[in-house]
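Enquirer: Quick one: this structure, given as structure tokens, is what I'll be asking you about.
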Amino acid sequence: MQPSDEEMIVSILDGETDLYAELVRRYQGRLVNYLYRILRNEEDSHDLAQDVFIKIYGALDRFDPKYRFSTWLFRVAQNAAIDVLRKRRLKLVSMHRDDADGEAGDWEFAGDGPTPYQDARNIERGVAIRAAIDDLPGEYRELISLRHYAELSYDDIAQMKDMPLGTVKNKLFRGRQMLKERLAEFLTD
Amino acid sequence: MNTAEHTTLLEWLDLDLDHAKSLAPNDRAALEARLANDAELRAERRSLEALHSMLDADRVDVREGFAEQVMESLPAAAWDRSARSTAWRLPLAMMLGLTLVSVMLLGGASADGPIVGTSLAVLDFLQTTTLAGSGILVAAWRGAGFGLETWVATSGLNLMAFATLVVCLNLLFFSLLRRRAKAPAATPSSEG
């Protein structure tokens, strides 16, 4: 059975610093994707993720075990991303684009791999979903990012946002309902 | 089915699909029973499943070697005892080495003298140097004190200026202490 994050931190602080690489591998995907939702740039999200891991490493001895490591990591990441956005003065804009042909195609991949049409359709879906998430009100957008890209549990999100669990469930439900309405053309049978 | 009931069923569907595994067994049983008889609800489930898959599929790949790159970039942390524990070893080794070399050289220079005597001579030298250094320091402070006393005693104005300077320095000192005491300690939750 794999050690928990908190157990690994204890070992790292005891001198097994190489274990930190394992902690990085556990969260690198989620952290990079979460930051990508905020920064919209793959390279920037990797660079900032690296900075966050370095910052976390330096502060490991101050980790409070009454919180989960994941909530601490993503809280630091969120603040770091906000700082980057402030510096860049990035304006989040909607990327709405009407679908001229109006087709709702089958989005399952063919056995031999996607055809050029399916590739284009997948790219269009990617653009559409990012635009739809952008269009959500701030708190709904944040919760969707924390749930689906940071992959935090409902309890972790409630702890991180200092929000009742019921409120988290309710807002995620409403956020997904809004996304469903905006992405209806991609979700039909 | 009324709106509130429909909303509840949609919430159950959403929760069930989100791998939260927090839907109570009774609620799940009721949901499954309703799904069996409600085509509209089944269509809703398919839409939600498609949405979840779409959200989960829209991800970027982490570049290869990312973890290794992070590890290479890690600075020595203040809490890292393995880094701290070796910090004093090199200076101590150098000091011992220099002492040994000094003893050997001095022992070789005075071929008739015992090694013990040579070591004592080295220690005596260190003691003399320390005393001389502290003596110079004391002399310097006494000289400065004497000069200041002479200047202050020449006039009342000088005395007042000196007193004002002392008060200002004290106020500065206390304000710095208070500022340091008020600064919040960095906690993990506030970092970033």
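Enquirer: Report Rg/Rh for the stretch A:11-64, rounded to two decimals, where Rg is the Cα radius of gyration and Rh the Kirkwood radius.
Expert: Working: Rg = 12.2 Å, Rh = 11.8 Å.
The Rg/Rh ratio comes out at 1.03.
Enquirer: Given labels modelled 7 Å from the Cα in the Cβ direction, how far is it in nm from B:Arg59 to A:Glu185?
Expert: For the pair B:Arg59/A:Glu185, the computed spacing is 2.8 nm.
Enquirer: Give me the extension gain from B:Leu165 to B:Trp88: residue separation times 0.36 nm, minus the current Cα-Cα distance, reported in nm with one decimal. If you can, show how the numbers build up before the last one.
Expert: Details: separation 77, 0.36 × 77 = 27.72 nm, distance 4.14 nm.
Taking B:Leu165 through B:Trp88 to full extension adds about 23.6 nm, to one decimal.
Enquirer: Taking beta carbons within 10 Å but only from partner chains, what does the mean come to for residues B:68-77?
Expert: 6
Enquirer: Can you tell me how much longer the chain between A:Arg88 and A:Gln2 gets when fully stretched, taken as 0.36 nm per residue apart minus their C-alpha distance, in nm with one decimal?
Expert: 27.0 nm
Enquirer: Contour minus end-to-end for B:Leu177 and B:Thr150, with contour as 0.36 nm per residue of separation and end-to-end as the Cα-Cα distance?
Expert: 6.5 nm is the gain from fully extending B:Leu177 to B:Thr150.
Enquirer: Per residue of the stretch A:7-21, what does 6.51 cos²θ - 1.76 cosθ + 1.60 with θ = phi - 60° give for ³J(HN,Hα)? Whole Hz please, x for Gly and Pro, Karplus curve as stated.
Expert: 5, 5, 5, 4, 5, 4, 5, 7, x, 7, 5, 5, 5, 4, 4
Enquirer: Moving to a separate point now. Using a Förster distance of 25 Å, how high is the FRET efficiency between A:Ile123 and B:Glu68, based on the Cβ-Cβ distance and rounded to 0.05?
Expert: The formula returns an efficiency of 0.20 here.
Enquirer: Right, something else. In nm, give the distance between the simple-model label positions of A:Asp47 and B:Ala140, each being 7 Å from the Cα along the Cα-to-Cβ direction.
Expert: Using points 7 Å along Cα→Cβ, the separation is 4.8 nm.
Since every read-out is calculated from the coordinates, none of them should be taken as a lab result. None of these values were measured; they are calculated from a predicted model. As a convention, Cβ positions derive from the backbone with ideal geometry for all residues, glycine included, and neighbour counts pool all protein chains shown.
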